[in-house]
Structures are given as structure tokens and as C-alpha cells.
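Chemist: Structure incoming, see below.
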């Protein structure tokens, strides 16, 4: 068998090229659509923090694009196989291949090679790339995107001040620094010693 000897036939190269080409093209289209929606959602945060285009691209999108690629790869792989195989069948490319004496098993070999390439790239990405890019993305989100959530109105706040004192607020308004339905509980051992309640 030519494949065992390390040689790919013209048919193998053709199918692998179609498979990987369709996969990467579809992946790029999906990622571009996600970036457009993501940018429209977070544009206000970028403008409020006076971030330059370079800061957004090098810190946020350099971290989020690998995340989206990794998340979408299994779905895009499935779509790519169906799309380009259906296109080959529509252009009657499969019938001559099988009529030429190629078995179904042999016909599937380039599919397995292509899927193995994608699997290897995803595995390497998960092990070596994503830990760094996710850290970069999360640091950016915590610094610029979710900052207002932390400083904004909060509800059902529970805090432990020390080993015996607990605080509860139903809600807190950061603009006026006002807490509502405030409770302060002080314990001695397992017994409630003092309770302060305020509306």
C-alpha cells in the first residue's frame, strides 16, 4: 500500500486539501462572525477605558480568538466533512473514484489523516497555547470589561468580618455607597450574641 510506504496518492492529497481547506475557511467565517458580535457587545467598555486598537487586539483578541477556535473546532470539523463530501457527491466525483477500484475503506484514509491533523493541532493548542491565551483574555476581561460589574449594584452580599462576626446586605448601591437591609450578627461560640438590623 502506497500510504504505508510513506507516499500519498494524488487522490489522497486532493481529499486532504479539500477537507482542510473547507475546515479552515468555515472556521475563519464563524470566528469572524463571533468577533463582530463580541466587538459590538464590548465596544462601550473599550471606549470607556480609552483602549487603543493595539491594546484590544494584542491583549483581548489574541487571547479570545484561540479560545473560540478551540471551542468551535469539533462543530466546524463536522460541518466541513458534510459540506465538502456533499459537494464532491454533487459534482459526481465520488462515483468515478469508487468505479476506479478504490474501496470505501481506502477512500476514508485521507479523511482519517485530515481528522488526525486537526486533532493533533487541537491537542497541542489545549496543552501549550490555551493556558497562556486564556490567562491573557481573563486578565483583560477582569480589568476592563467586568470591572463595572464588581463596582456596580450587588445583591445578597454575605461577608465574614472575623471568626465571630458576619454581615449580610440584601443590596448595595456603589454610586451612593448605600447598603439596604443590613444585618450584622455577632456570635459567641455557636450562640448568637448580638444582632444589628437596619433598613
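Values in this text are rule-based calculations from the coordinates and carry no lab data. Quick caveat: nothing in here was measured; it's all calculated off a predicted structure. As a convention, Cβ positions derive from the backbone with ideal geometry for all residues, glycine included, and neighbour counts pool all protein chains shown.
Chemist: State, to one decimal in nm, how far the label point of residue 105 lies from the label point of residue 44, with both points 7 Å from Cα in the Cβ direction.
Modeler: 6.1
Chemist: Let a ≥ b ≥ c be the square roots of the eigenvalues of the Cα gyration tensor of the chain; is it rounded (a/c under 1.5), or, if not, prolate (a/b larger than b/c) or oblate? It would help to have the intermediate numbers written out before the result.
Modeler: Working: a/c = 3.82, a/b = 2.77, b/c = 1.38.
In terms of gyration-tensor shape, prolate.
Chemist: On to the next question. Could you identify which residue out of 157, 65, 35 has the top mean-square fluctuation in a GNM of the chain using Cα springs shorter than 10 Å?
Modeler: Among 157, 65, 35, the largest GNM mean-square fluctuation belongs to 157.
Chemist: Report relative contact order for the chain in percent, whole number only (criteria: Cα-Cα under 8 Å, sequence separation at least 6).
Modeler: It rounds to 18 percent for the chain.
Chemist: In deg cm²/dmol and to the nearest 500, what is the mean residue ellipticity at 222 nm of the chain if only DSSP H runs of at least 4 residues count, each as -39500 (n - 2.57), divided by the residue total?
Modeler: Numbers: 6 runs with 111 residues, N = 199.
Per the formula, -19000 deg cm²/dmol.
Chemist: Along Cα→Cβ, 7 Å out, is where each label goes; now give me the distance between the ones at residue 35 and residue 81 in nm to one decimal.
Modeler: Reported label-point gap for residue 35 and residue 81 is 2.8 nm.
Chemist: Considering the chain as a Gaussian network with a 10 Å cut-off on Cα pairs, which listed residue, 87, 135, 188, attains the greatest mean-square fluctuation?
Modeler: Among 87, 135, 188, the largest mean-square fluctuation in the Gaussian network model of the chain belongs to 188.
Chemist: Please determine, in degrees from 0 to 90 and to the nearest 10, the orientation of helix 10-48 with respect to the longest principal axis defined by the Cα atoms of the chain, where the helix direction is its Cα long axis.
Modeler: Value to nearest ten degrees: 20.
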